[in-house]
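The values are calculated or read from the model by the stated rules, or taken from the named source; none is laboratory data. Here the structure is a predicted model, which means the values were calculated and not measured. Ideal geometry is used to build each Cβ from the backbone, glycine not excepted, and the neighbour counts take in all protein chains shown. Side chains are part of the model used for accessible areas, which takes the heavy atoms of the whole protein and leaves out ligands, DNA and RNA. Shrake-Rupley method; radii C 1.70, N 1.55, O 1.52, S 1.80 Å.
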Amino acid sequence: MTTEFVYEVLRQGDDTILFVDAQKANIVPSIEDNEEIMQEAIDQLVENRTLTKIIYSQRQDYEYDYSQTVLLAEIARTYRSLLHDTHLSLEALQTHGLSEQAVNSRYTFIHGLIRGSLRSDPIGCYLLAKRELRKTLVAKDKSVSDDEFTGYEAYEKALRKIIASLEKTALYAKAQPYIEGMRVGDRKIYRGIFYPQIKPDFMFTKVLTEYPKGAEEIDSYTVGEAEVVIFRVPDTIHYVYHLTPPEFKLSEEQYLLLETARKILSEHKPTENDFVNPKRMREVFSNVGRDLLEELANKKHLSLQEEELEKLTSILIRYTVGFGLIEVLLADEFIQDVTINSPTGKTPVFLVHGKYQDCKTNIIPTVPEVESWASKLRMISGRPLDEANPILDADITIPDVASARVGAVGKPLDDSGLAFAFRRHRDKPWTFPLFVKNGMLSPLAAGLLSFLIDGNRTFLVAGTRSAGKSSLLGSFLVQIMRKYRIITIEDTLELPVTELQDLGYNVQSLKVGSALGGSSSSEVSAADGIRTTLRLGDSCLIVGEVRSTEARALYEAMRVGALANVVAGTIHGDSPYGVFDRVVNDLEVPRTSFKATDIIVVANPVRSADGLSRLRRVTEIAEVRKHWEDDPLREHGFVTLMKYNPISDSLEPTDALINGESDIIKSIAGSVKEWAGNWEAVWQEILLRADYIQAVVDIAQQNSDLLEASFVIRANDAFHLISQRMRAKNKGPEDIKREFNIWLQRNKY
């Protein structure tokens, strides 16, 4: 056995790792399944007392982590202790009148246990010792002389020493509930204690293949060829998201093929210029990788079907120019956020799931993996990530999979290494009907916002982290009529610009320097970017997030664009006054400039009483009045138009809205002949918009695709055209609603 293994002790950070090259071994190196492997591991722990991990490398890496290595190390210490225990020596077993043959027989049995089964099968050793003890006690009771009794007593003491030593170990404590009825030599008991993290050679990320002990399976589905199982674990608040990627279902020949191809392809690393066009880069490397795999397969006389070749090529690209298993996670449309904490290799990946919220995964990245991500993010973004610039904001696009916003932090901000947060963007733009469907907006709130957007107001979408601010702002773009030009400004690209361009929108995206992390020397500041838009013609202006000094430039744009175009952005704040405080006191925008804000939409997570559930909701829509001087809160500068009601779980109108006490809405109405001075007509228009959005939601019960932007934009266009045509005939809201419903029925398929 030892000639087939090559042992090496490595040090990585705080870990001392026994790395075992088992490539030439003709057996799978499994501690739980093979007594020889267990014995070899314990022998190594006898010699190297500071080991914290054991890794066997053979096509796949089998890693036994610290908690499992500690169990074996304790057995190694027990072995050392018993080996030199004087109570177990030949002299201790010798008593007057006992034959030399009997003493040697007992000594041989005891040290056979210690030198043999204690290292290869500690629980079997315990059972053998217990069995021998029972026989000894029976024989002791039947002893016919004092010398014979004394001999059995010494033997009993030695056996009890072995038994007591093993009963003190953590391995025995874990095995104890399952020992009864166990047969010596049965390895089943170890399979419930030792479970290596397994990863193919070509992967850096480790994956726990075993399902969590005692967990209840509550859901399962597939993502491409990957299998996802959701578990509920007793006495914990986390769900477990268990992923089995397609790379774990390959044959040994395919593993070897991929590892060889990866080594060859890794010599041709992509450059920064390659990452300018991710889709084109993937196509190039996919073609090269496919040809390489086909060539290697032919040399090895390995026959690959077309679909097998496609799968292997996809896996190869993930682990060379891609982000490994992160790409498999981002392909899951239920996943919203993926976080990787430092120190790397210590903790699993965590994620936020659309149905099960906060989940722990069975995926553990390694140091080489996260360092590879950092290098790729530097090339993709053109921004630094080093000790001088320990924060990096970037956006990534994985063709045919997903796009995501990525935040990375490193030393010295994170003294223990690198940490990442991936915010997955929805595959398609959010829409008002989608938000009504999932409860974030009420139909009336959607109708009100539609009215305000068509009225070319200025908006700030506020909220805490992960409140859905950017998603809500993206839905504003879908609600803007396609005839208007839109300019977006972002430091990381989150708004659905490409998708809207494909749907016929006149939209231009501008990317500016990051306000949080380091920016490249070629990037334009956000403030300069906003000012540039004022020279790009008549346009709606959408700012991804207001974070820093660009706030002054945004308010300059608001004042210039007032009554002409929609100006909107997101900002952190949990209330209208919280937004005022941040804009004026933190971002140093003059108080009088803040009055350029017309509408503040507040989105916040709403939690259940037990704190375990979290829903995204718009909790307030407020207008900012203009007749105050110093403090809008004290001088009634904020008027709440709609407020979230936790009992009904809905955004409901306030008396101010119902009674028409809104300066902003009156201002919009004042420029329309049919609405000027007629609050009832304005209110009916808002209700009409609420009804047409709800009608889309209702009809989408038969076909959920009708909630997506491609159909919602058509429905918005139809609503405006029908409104124009019917009003030219002096028809009212009920006629418009009827005609729109006819259009819906004709176009729902």
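The single residue among THR619, THR640, THR654 that is crowded, with 16+ Cβ neighbours inside 10 Å and within 16 Å of PHE580 (Cα to Cα) turns out to be THR640. Residue count for the range 354-381 under the criterion of being buried (at least 21 other Cβ atoms within 10 Å of the Cβ) and acidic (Asp, Glu): the result is 1.
Restricting attention to the range 225-262, which residues are among the aliphatic types (A, V, I, L, M), within 30 Å of ARG614 (Cα to Cα) and without any contact (Cβ under 8 Å) to a residue 60 or more places away in the chain? Passing the criteria: VAL229, VAL233.
Listed by first and then second residue, the pairs linking a residue in the range 418-438 that is farther than 30 Å from PRO365 by Cα to a residue that is open to solvent by 20 Å² or more (accessible area, probe 1.4 Å) and not in a loop (DSSP other than H, G, I, E, B), with Cβ atoms under 6 Å apart and 6 or more places separating them unless they lie on different chains, are PRO429/GLU499; TRP430/SER471; VAL436/PRO443.
Consider the range 544-596 and keep the residues that are open to solvent by 10 Å² or more (accessible area, probe 1.4 Å) and of a type in the set (Val, Ile, Thr). The one that is nearest to the chain's Cα centre (by Cα) is THR549.
Let's see how each residue does on (1) closer than 30 Å to GLY382 by Cβ; (2) open to solvent by 30 Å² or more (accessible area, probe 1.4 Å); (3) at pLDDT below 85:
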{"site": "GLN254", "(1), (2), (3)": "no, no, no"}
{"site": "GLU259", "(1), (2), (3)": "no, no, yes"}
{"site": "THR271", "(1), (2), (3)": "yes, yes, yes"}
{"site": "ARG290", "(1), (2), (3)": "yes, yes, no"}
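Okay, residues lined up against (1) at pLDDT below 80; (2) under 29 Å from the mean Cα position of the chain (by Cα):
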position	(1), (2)
LEU171	no, no
ILE198	yes, yes
MET203	yes, yes
ILE230	no, yes
PRO234	no, yes
PRO246	no, yes
LYS263	no, yes
LYS279	yes, yes
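Filtering the range 281-310 to residues that are under 30 Å from the mean Cα position of the chain (by Cα) and more than 14 Å from GLU253 (Cα to Cα) leaves MET281, ARG282, GLU283, VAL284, PHE285, SER286, ASN287, GLY289, ARG290, GLU307, GLU310.
Okay, residues lined up against (1) touching a residue at least 40 places away in the same chain (Cβ under 8 Å); (2) assigned to a helix (DSSP H, G or I); (3) in contact with a helix residue (DSSP H, G or I) (Cβ under 9 Å, 6 or more places away or on another chain):
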site: ALA695; (1), (2), (3): yes, yes, yes
site: LEU706; (1), (2), (3): yes, yes, yes
site: ILE713; (1), (2), (3): yes, yes, yes
site: ASP717; (1), (2), (3): yes, yes, no
site: ARG727; (1), (2), (3): yes, yes, yes
site: LYS731; (1), (2), (3): no, no, yes
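Take the residues in the range 681-707 that are open to solvent by 10 Å² or more (accessible area, probe 1.4 Å) and among the charged types (D, E, K, R), then tell me which one is farthest from ALA445 (Cα to Cα). Ranking the candidates gives ASP705 first.
Checked against the criterion of being modelled with pLDDT under 90, open to solvent by less than 10 Å² (accessible area, probe 1.4 Å), of a type outside the set (Gly, Ala, Ser) and over 29 Å from PHE248 (Cβ atoms), the range 75-90 contains one or more residues that satisfy it.
Among the criteria (1) β-branched (Val, Ile, Thr); (2) within 28 Å of GLY513 (Cα to Cα); (3) outside any helix (DSSP H, G or I); (4) out of contact with any Pro (no Cβ under 8 Å at 6 or more places or on another chain), the one THR347 does not fulfil is (2). Inclusion of LYS643 among residues that are of a type outside the set (Phe, Trp, Tyr) and more than 37 Å from the chain's Cα centre (by Cα) is not warranted.
The set of residues in the range 657-672 that are open to solvent by less than 70 Å² (accessible area, probe 1.4 Å) and assigned to a helix (DSSP H, G or I) comprises LEU657, ASP663, ILE664, ILE665, SER667, ILE668, ALA669.
When TRP683, TRP675 are screened for being outside any helix (DSSP H, G or I) and aromatic (Phe, Trp, Tyr), only TRP675 passes. Considered as a group, the residues in the range 397-422 that are modelled with pLDDT of 90 or more and open to solvent by less than 20 Å² (accessible area, probe 1.4 Å) include one that is farthest from LEU330 (Cα to Cα), and that residue is GLY410. Looking only at the range 708-727, residues that are buried (at least 20 other Cβ atoms within 10 Å of the Cβ), over 12 Å from GLN479 (Cα atoms) and of a type in the set (S, T, N, Q) come to 1 in all. Against the test of being open to solvent by 40 Å² or more (accessible area, probe 1.4 Å) and aromatic (Phe, Trp, Tyr), the options PHE285, PHE350, PHE323 yield a single qualifying residue, PHE350.
Would you pick out the residues in the range 13-51 that are of a type in the set (S, T, N, Q) and over 25 Å from HIS84 (Cβ atoms)?
First, the residues of the range 13-51 that are of a type in the set (S, T, N, Q): 16, 23, 26, 30, 34, 39, 44, 48, 50.
Selection gives GLN23, ASN26, SER30, ASN34.
For GLU40, state whether it is touching a Leu at 6+ places or on another chain (Cβ under 8 Å), under 21 Å from ASP15 (Cα atoms) and either surrounded by fewer than 16 Cβ atoms within 10 Å (Cβ to Cβ) or not aliphatic (A, V, I, L, M) (or both).
Details: touching a Leu at 6+ places or on another chain (Cβ under 8 Å): no; under 21 Å from ASP15 (Cα atoms): yes; either surrounded by fewer than 16 Cβ atoms within 10 Å (Cβ to Cβ) or not aliphatic (A, V, I, L, M) (or both): yes.
It is false that GLU40 is touching a Leu at 6+ places or on another chain (Cβ under 8 Å), under 21 Å from ASP15 (Cα atoms) and either surrounded by fewer than 16 Cβ atoms within 10 Å (Cβ to Cβ) or not aliphatic (A, V, I, L, M) (or both).
Pairs are defined by a Cβ separation below 6 Å, a sequence spacing of at least 6 or placement on different chains, a first member in the range 473-496 that is part of a helix (DSSP H, G or I), and a second member that is of a type in the set (S, T, N, Q) and modelled with pLDDT under 95; the pairs so defined are LEU473/THR570. If you go through the range 5-37 and keep only what is over 23 Å from THR52 (Cβ atoms), surrounded by 15 or more Cβ atoms within 10 Å (Cβ to Cβ) and among the charged types (D, E, K, R), you end up with just GLU35.
Based on what the data block shows, is VAL144 open to solvent by 20 Å² or more (accessible area, probe 1.4 Å), of a type in the set (A, V, I, L, M) and part of a loop (DSSP other than H, G, I, E, B)? Write out each step before concluding.
Numbers: open to solvent by 20 Å² or more (accessible area, probe 1.4 Å): yes; of a type in the set (A, V, I, L, M): yes; part of a loop (DSSP other than H, G, I, E, B): yes.
Criteria met by VAL144.
Could we say that HIS96 is exposed (fewer than 13 other Cβ atoms within 10 Å of the Cβ) and at pLDDT below 85 here? Can you show your working first?
Numbers: exposed (fewer than 13 other Cβ atoms within 10 Å of the Cβ): yes; at pLDDT below 85: yes.
So HIS96 fits the description; yes.
The set of residues in the range 601-616 that are open to solvent by less than 60 Å² (accessible area, probe 1.4 Å) and of a type in the set (Gly, Ala, Ser) comprises ALA603, SER608, GLY611, SER613.
Among the residues of the range 455-477, is there at least one that is among the β-branched types (Val, Ile, Thr), under 25 Å from TRP675 (Cα atoms) and surrounded by 23 or more Cβ atoms within 10 Å (Cβ to Cβ)? Scanning the range 455-477, I find at least one residue that is among the β-branched types (Val, Ile, Thr), under 25 Å from TRP675 (Cα atoms) and surrounded by 23 or more Cβ atoms within 10 Å (Cβ to Cβ), so the answer is yes.
Condition first: closer than 29 Å to ASP415 by Cα and either touching a helix residue (DSSP H, G or I) at 6+ places or on another chain (Cβ under 6 Å) or not in a loop (DSSP other than H, G, I, E, B) (or both). Now tell me which residues in the range 5-50 satisfy that. Answer for the range 5-50, where residues must be closer than 29 Å to ASP415 by Cα and either touching a helix residue (DSSP H, G or I) at 6+ places or on another chain (Cβ under 6 Å) or not in a loop (DSSP other than H, G, I, E, B) (or both): GLU8, VAL9, LEU10, ARG11, GLN12, ASP15, THR16, ILE17, LEU18, PHE19.
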